[in-house]
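Here is the structure we will look at, set down as structure tokens.
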Amino acid sequence: MAKLNVNPTRMELLNLKKQIKTATRGHKLLRDKQDGLMQKFMEIIREARTLRSKVEEKLQGAFKNFMQASAMMYPEVLENALLYPSAKVSLEVETKNVMSVRIPNFELKQEGNILNYGYLQTSGELDMSLEAFQEVLPLLIQLAEIERQAERLAEETEKTRRRVNALEHMLLPNLKETVKFISMKLEEAERSTITGTLRIKASMEAEEAEAKAKAA
Amino acid sequence: MAKEKYNLAIIGTKDQILGFKALGMTAVNANNADEAKAKLFELVAENIDLGDGETRKKYAIIFMLEEYMAPLTKDDYKKLNKEALPAVVPIPGVKGTEGFGLTRIKRMVEQAVGSDIFG
């Protein structure tokens, strides 16, 4: 670990010690956040995996129906039938705050009738396939919600992990090493002053003794 | 804050999005991945003016066929992930799933945990 480039003074030492205190506290807090995020993420991701498999299966069924229906009709007729849908979907969105990550919650609002076309030229299969689509829709919305939550949490978890690691493996060791370096320097300086004074005292005493001997 | 109504959109080939259009979603036609990507960012950028200089996103969820979603790069994802909305969700097309949805979930786990713990 590299020590920081600072002057080995008492002032710096105090500053660094304060920094270590803050960093340790930050590290602890971030680790708690990481644990919280991870727990929530695991919960959501499990749900997402099962839900996705389920949705994909159902959706495929709906698509198959639709394909069959459209195969039985003239493309122009099909397009005309579905040109102006009277059904409306919209979402109400609420954002929730989980560990300082804002994640959306969706609520589906449906209006109008999906079977909004003349029955003469369209097939019964089309009605059925559209109903199948409508059945899948709430699941799709739920999937979107959960995957979005997972996505946001994943990003935040990654960020927090990086921060925790940076603190744990870079900042804190560096700070500690520098503190050690400075305190050693200071002790060294202290010892050096003590020996210096001792030597001066000794030489002064020697001089005094010499002067006394001469006087005698 | 009063609850706002958000729209839904779907991007894909014409024959595959018609069914969703009937449900009332905004259906956007795209014939290849590049076109889909361009349309996607157009939709993401669409805002509704609330007055007082405030805006919000028009779309809350954008569904996209997984074959168009797969070629998106990491940078694209970063751009999409900047804000809480809209959610971009891959859906399997007529051909059935090629597993991209699950791959995406796997990627999320890798991002969060550092390795894929579900195997």
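The values are calculated or read from the model by the stated rules, or taken from the named source; none is laboratory data. The model shown is predicted, which means the values in this text are computed figures rather than measured ones. Neighbour counts are summed over all protein chains in view; Cβ atoms, including those assigned to glycine, are modelled from backbone coordinates with ideal geometry.
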- Query: Going by the conditions given, is residue B:87 within 18 Å of residue B:9 (Cα to Cα) and small (Gly, Ala, Ser)?
  - Reply: yes
- Message: Given (1) aliphatic (A, V, I, L, M); (2) in contact with a helix residue (DSSP H, G or I) (Cβ under 6 Å, 6 or more places away or on another chain); (3) free of Cβ contacts under 8 Å to residues at least 40 places away in the same chain, identify the lone condition not met by residue A:198.
- Response: (2)
- Message: On the basis of being within 9 Å of chain A (Cβ to nearest Cβ) and either of a type in the set (S, T, N, Q) or more than 21 Å from residue A:140 (Cα to Cα) (or both), does residue B:7 make the cut?
- Response: yes
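Results for (1) within 17 Å of residue A:69 (Cα to Cα); (2) in a helix (DSSP H, G or I); (3) modelled with pLDDT under 80; (4) more than 7 Å from chain B (Cβ to nearest Cβ), shown as yes or no for each residue.
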residue: A:116; (1), (2), (3), (4): yes, no, yes, yes
residue: A:125; (1), (2), (3), (4): yes, yes, yes, yes
residue: A:130; (1), (2), (3), (4): yes, yes, yes, no
residue: A:142; (1), (2), (3), (4): no, yes, no, yes
residue: A:148; (1), (2), (3), (4): no, yes, no, no
residue: A:151; (1), (2), (3), (4): no, yes, no, no
- Message: Suppose the filter is facing chain B (nearest Cβ under 10 Å), modelled with pLDDT of 80 or more and in contact with an Asp or Glu (Cβ under 6 Å, 6 or more places away or on another chain); does residue A:106 pass it?
- Response: yes
- In this structure, does residue B:77 turn out to be assigned to a helix (DSSP H, G or I) and in contact (Cβ under 8 Å) with a residue 12 or more places away in the chain? no
- Message: Return the pair list, or none, for Cβ contacts closer than 8 Å from residues in the stretch A:1-21 that are surrounded by 13 or more Cβ atoms within 10 Å (Cβ to Cβ) to residues that are not in a helix (DSSP H, G or I), at least 6 apart or on different chains.
- Response: A:12/A:6; A:16/A:4; A:16/A:6
- Note on the structure: Log entry, pairs with first residue in the stretch B:85-111 being aromatic (Phe, Trp, Tyr), second being buried (at least 21 other Cβ atoms within 10 Å of the Cβ), beta carbons closer than 9 Å, six or more apart or on different chains, reads B:100/B:66; B:100/B:69; B:100/B:90; B:100/B:92
- Which residues, counting only those in the stretch B:78-110, are touching a helix residue (DSSP H, G or I) at 6+ places or on another chain (Cβ under 8 Å), among the β-branched types (Val, Ile, Thr) and either surrounded by fewer than 17 Cβ atoms within 10 Å (Cβ to Cβ) or closer than 15 Å to residue A:59 by Cα (or both)? B:89, B:91, B:94, B:97
- Message: Suppose the filter is closer than 30 Å to residue A:176 by Cβ, touching a helix residue (DSSP H, G or I) at 6+ places or on another chain (Cβ under 9 Å), at the interface with chain B (Cβ under 8 Å from one of its Cβ atoms) and aliphatic (A, V, I, L, M); does residue A:67 pass it?
- Response: no
- For the stretch B:80-119, what are the residues that are assigned to a helix (DSSP H, G or I) and touching a strand residue (DSSP E or B) at 6+ places or on another chain (Cβ under 6 Å)? B:80, B:100, B:101
- Task: Please enumerate the residues belonging to the stretch B:38-60 that are more than 10 Å from chain A (Cβ to nearest Cβ) and closer than 25 Å to residue A:66 by Cβ.
- Result: B:39, B:40, B:43
- Task: Would you be able to say whether some residue in the stretch A:39-61 is in a helix (DSSP H, G or I), acidic (Asp, Glu) and crowded, with 20+ Cβ neighbours inside 10 Å?
- Result: yes
- Message: Considering only residues that are over 18 Å from residue A:47 (Cβ atoms) and aliphatic (A, V, I, L, M), which ones fall in the stretch A:147-171?
- Response: A:164, A:166, A:167, A:170, A:171
- Message: Which residue is surrounded by the fewest Cβ atoms within 10 Å (Cβ to Cβ), if the candidates are limited to the stretch B:18-37 and must be at the interface with another protein chain (Cβ under 10 Å from one of its Cβ atoms) and assigned to a helix (DSSP H, G or I)?
- Response: B:21
- Query: Only one residue in A:38, A:42 is at the interface with another protein chain (Cβ under 8 Å from one of its Cβ atoms) and under 26 Å from the mean Cα position of the chain (by Cα), so which one is that?
  - Reply: A:38
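The rows are residues; the columns are (1) closer than 16 Å to residue A:7 by Cα; (2) surrounded by 15 or more Cβ atoms within 10 Å (Cβ to Cβ); (3) touching a Phe, Trp or Tyr at 6+ places or on another chain (Cβ under 6 Å).
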| position | (1), (2), (3) |
| --- | --- |
| A:164 | no, yes, no |
| A:173 | no, no, no |
| A:183 | yes, yes, no |
| A:188 | yes, no, no |
| A:199 | no, no, no |
| A:207 | no, no, no |
